[in-house]
Amino acid sequence: MSKQFLFDGRPVAFEDGQTILQAARVAGHYIPHLCWHPDFPPHGSCKLCIVKVAGRHVSSCAMPAKEGMEVESNTPEINGERRALLQMLFVEGNHFCPSCEKSGNCQLQALAYDLEMTGERFAHFFPERPVDASHPDVLLDFNRCIFCELCVRASRDVDGKNVFALTERGINKHLVVNAESGRLADTDLAADDLAANICPVGVILKKRVGFAKPIGERTYDVKPIHLVAMEDGK
Amino acid sequence: MTAELETAEGRETLRKVAIDPVSRIEGHGRVTLLIDDDDQVCEARLHIVEFRGFEVFIQGRPYWEVPVMVQRLCGICPVSHHLAASKALDRVVGAVPPSPAAIQLRRLMHYGQILQSHALHFFHLSSPDMLFGFEAELGKRNIVGVAEAYPDVARQGVLLRKFGQEVIRATAGKRIHGTGAVPGGMNRHLSLADRDALRADADQMVAWSQAAVELVKRLHRADPGLYDVFGVFRSGLASLVRADGAMDLYDGVLRFRDGDGGIILDQVPDQNYRQVLQEDVKSWSYMKFPYLMERGPDLGWYKVGPLARVQNCDFIPSPLAEIERREFIDHGKGDVIHAPLAYHWARMIEMLHAAEVIRDLLDDPACTAGELMAQGTRGKEGVGIIEAPRGTLIHHYQVGDDDLVTMCNLIVSTTHNNQAMNTAVREVAKRYLSGRKLTEGLLNHIEVAIRAFDPCLSCATHALGQMPLVVELAAANGEVIDRVVRD
Ligand code: SF4
Ligand code: FES
């Protein structure tokens, strides 16, 4: 018999080496996540995937599953924490969904809906983050970066280009482009690189697409993220 | 004329009455009256805080975001900004002209906006004053009062507005802040289901709009001493017209008439607006004062909006509204009608026109099929002009090679009407307030004059007339002598 743990009271089978998030997912249980991606090792930065195990809060994307552990995920307490994390993300950057072209395809927005984040709670930081429009095909709107480093990892590990990096710490942390000029135009990023297509929010955007697809017909307009995420392996 | 009332002599010694905020006009309107010791109005000014910050906000943003972003400029006519920006940016992506489907769908969206806005304005904001009189008790002078005394009128008003909103939803994707129009065209067709549902109601909307014109006409005729005279002043007229002189609220060329109806300028391409218009700045107002360059700031100002449009065009290209236009023109007995309250009559004629246009567009196959996007040689600059519910709306952008907006200039309808509204306030202040004690009803006369222009501060959420009115009596040195708050 395979090993099991309890996920919100229900038994979930797992194999050695699987994380809580992975095993839960295979068993059809969704755990909210932003920086985790099925094709990459866990990153553990966004903490949206927190669950409670033996009274402790752990990142389920990084924590290996263990025989007999009891995991609480979809509870008012944990979802409340996730909401607070989202609320912090919203004020750390400049997220203005109504005119953001990623609206409806944005995981941050979709999670906010899913977790019933109805309002703001913290004061906005309003960081100064100018856009980089130098590249002919790709726009960078740094205003919306949540520092998941998916672009960094994709560019380095898959595209083999190392176009992006995070720099500085804490409140000054920000995404930079690895070029002497600091401009995206001076990198070898191409519009069909994985790095140009992986951003879960609206930072790395194909130019001149904008609202070609109507709001209301987009991925998370049509289906909530907890269903979409279980379907397409993301 | 009352130009002398703009800045009074010896204003330091005068008392000031401030009506702030003007009720049923969202927070930013403020009227100040300087009154001397004998209660004579010595100075009257309407201050409107304009949203200039928006232009800076848009600079540095990618152009494709702009039509969605600018909808935030106005709570009532977001669609007008959405379309004016899209039209301007068509030039940047080289969609000149856009595809037939895109044009018809945008027209449909726009006339839906005209219908809903005119219905809102008339039934919710103005009909209470008109049906009950400007001095009627405040508790009655609102849409609830109308619903009690004239249930059919109120109901039709609500349903007309709803129909307009449905047209917007069906074309823009959402009732407010949709994304239907994009630089280069549209991103969606009208669905067959929406078309059929709208079609089923379209004739009824035309009939109710006709009834609304009748109602305004009746009110107007019943009291010509008020309607034809209240706050009247002569000014030029400005609007877009179709190349053949027909009324067209979506697209066309600029035409300007003088106060006697003579055409000053005609067939001005929208892209050339800067060659004919200039904006004057006055130290006491945040809002600029546009004027026709060749006439100068003192003579070159004009009215925009329904009253201007109905008289600026040569004809209305829909049969029922054209009949009404003729009757309206006849009412002027050969002269241009300048009475601010005639705005309401003209507005209802336009609402009827919008209802007819919508009905006909619903039968146009271009709305449900066909290429939505067009492309062409990339441009660096574009102007989009549209006749918004309140009047001519100008959007002007320059876009860099990197796709970011480098320059944005917006002239909204209320700005075009700035001088006209100030003049109306002065007229009313002079005729109705001078030498009398200030009463609630009298103060309301000023609001009625402003409201006739439907400044885009009017806010649906204040339709119940519950917005508090603050009246301040102050010496010109700023010292508040007395203060009345109306809840
Ligand atoms: S740009 Fe997007 S993918 Fe890259 S770190 Fe920021 S949010 Fe993540
Ligand atoms: S998904 Fe686990 S920390 Fe981000």
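Assorted remarks:
- Any hit, segment A:190-200, residues being over 18 Å from the mean Cα position of the chain (by Cα) and either among the hydrophobic types (A, V, I, L, M, F, W, C) or within 16 Å of ligand 2 (Cβ to nearest atom) (or both): yes
- Of all residues in segment A:132-160, those being within 14 Å of chain B (Cβ to nearest Cβ) and among the basic types (K, R) number 1.
- With respect to the conditions (1) at pLDDT below 70; (2) farther than 20 Å from B:Q210 by Cα; (3) among the β-branched types (V, I, T), B:T171 lacks only one, and its number is (1).
- Checking A:L85 against (1) within 14 Å of ligand 2 (Cβ to nearest atom); (2) closer than 27 Å to A:P127 by Cβ; (3) outside any helix (DSSP H, G or I), the condition it does not meet: (3)
- Any hit, segment A:53-74, residues being away from ligand 2 (no atom under 14 Å from the Cβ), in contact with a Pro (Cβ under 9 Å, 6 or more places away or on another chain) and not aromatic (F, W, Y): no
- Residue match in segment A:155-164 (condition: within 16 Å of ligand 2 (Cβ to nearest atom), more than 21 Å from B:D403 (Cβ to Cβ), under 19 Å from the mean Cα position of the chain (by Cα) and assigned by TED's automatic domain parsing to the domain that holds A:K206): no
- Residues (at pLDDT below 95 and in contact with a strand residue (DSSP E or B) (Cβ under 9 Å, 6 or more places away or on another chain)) located in segment A:111-140: A:P127, A:R129, A:V131
- Residues located in segment A:91-112, provided they are surrounded by fewer than 20 Cβ atoms within 10 Å (Cβ to Cβ) and touching a Phe, Trp or Tyr at 6+ places or on another chain (Cβ under 7 Å): A:V91, A:E92, A:N94, A:N105
- Entry remark, segment A:84-110: residues being in contact with a strand residue (DSSP E or B) (Cβ under 9 Å, 6 or more places away or on another chain) and within 14 Å of another protein chain (Cβ to nearest Cβ) number 2 in total.
- Qualifying residues in segment A:88-128 (those that are assigned to a loop (DSSP other than H, G, I, E, B) and hydroxyl-bearing (S, T, Y)) - the one farthest from B:G173 (Cα to Cα): A:T118
- Residue check, A:R129 within 14 Å of chain B (Cβ to nearest Cβ), in contact with a helix residue (DSSP H, G or I) (Cβ under 6 Å, 6 or more places away or on another chain) and of a type outside the set (A, V, I, L, M, F, W, C): yes
- Selection of segment B:356-365 for residues being out of contact with any Cys (no Cβ under 7 Å at 6 or more places or on another chain) and closer than 23 Å to B:R188 by Cβ yields B:V357, B:I358, B:R359, B:D360, B:L362, B:D363, B:D364, B:P365.
- Taking the criterion of being surrounded by fewer than 14 Cβ atoms within 10 Å (Cβ to Cβ) and either within 16 Å of ligand 2 (Cβ to nearest atom) or within 22 Å of A:G80 (Cβ to Cβ) (or both), the residues of segment A:27-40 that qualify are A:P38, A:D39.
- Filter result for A:D16 (away from chain B (no Cβ under 14 Å), more than 26 Å from A:M88 (Cα to Cα), loosely packed, with under 15 Cβ neighbours inside 10 Å and within 15 Å of ligand 2 (Cβ to nearest atom)): no
- Residue within segment A:54-72 that is surrounded by 14 or more Cβ atoms within 10 Å (Cβ to Cβ), more than 16 Å from ligand 1 (Cβ to nearest atom) and within 14 Å of A:Q107 (Cβ to Cβ) present: no
- Filter result for A:V163 (more than 14 Å from chain B (Cβ to nearest Cβ), under 21 Å from A:G44 (Cβ atoms) and modelled with pLDDT of 95 or more): no
- Within segment B:173-225, being surrounded by 23 or more Cβ atoms within 10 Å (Cβ to Cβ) and within 14 Å of chain A (Cβ to nearest Cβ) holds for B:G178, B:T179, B:G180, B:A181, B:V182, B:P183, B:G184, B:G185, B:M186, B:N187, B:L190.
- Residue list for segment A:130-189, filter: assigned to a helix (DSSP H, G or I), small (G, A, S) and either within 11 Å of ligand 1 (Cβ to nearest atom) or surrounded by 14 or more Cβ atoms within 10 Å (Cβ to Cβ) (or both): A:A154, A:S155, A:A185
- Hits in segment A:190-211 (condition: buried (at least 16 other Cβ atoms within 10 Å of the Cβ) and closer than 14 Å to A:K102 by Cβ): A:A196, A:I198, A:C199, A:P200, A:V201, A:G202, A:V203, A:I204, A:L205, A:K207, A:G210, A:F211
- Count of residues meeting criterion [crowded, with 17+ Cβ neighbours inside 10 Å and of a type in the set (K, R)] in segment B:308-350: 3
- Count of segment A:208-225 residues, restricted to those that are in contact with a Phe, Trp or Tyr (Cβ under 8 Å, 6 or more places away or on another chain), within 14 Å of chain B (Cβ to nearest Cβ) and in contact (Cβ under 8 Å) with a residue 12 or more places away in the chain, is 3.
- Those helices (runs of 4 or more DSSP H) of segment B:26-123 in which at least 1 residues are modelled with pLDDT under 95 and within 14 Å of chain A (Cβ to nearest Cβ), considering only elements entirely within it, cover B:53-58, B:66-69, B:78-93.
The values are calculated or read from the model by the stated rules, or taken from the named source; none is laboratory data. Keep in mind that this is a model prediction, so the values were computed, not measured. Here the Cβ is made from the backbone with ideal geometry for all residues, glycine too, and neighbour counts use every protein chain on show.
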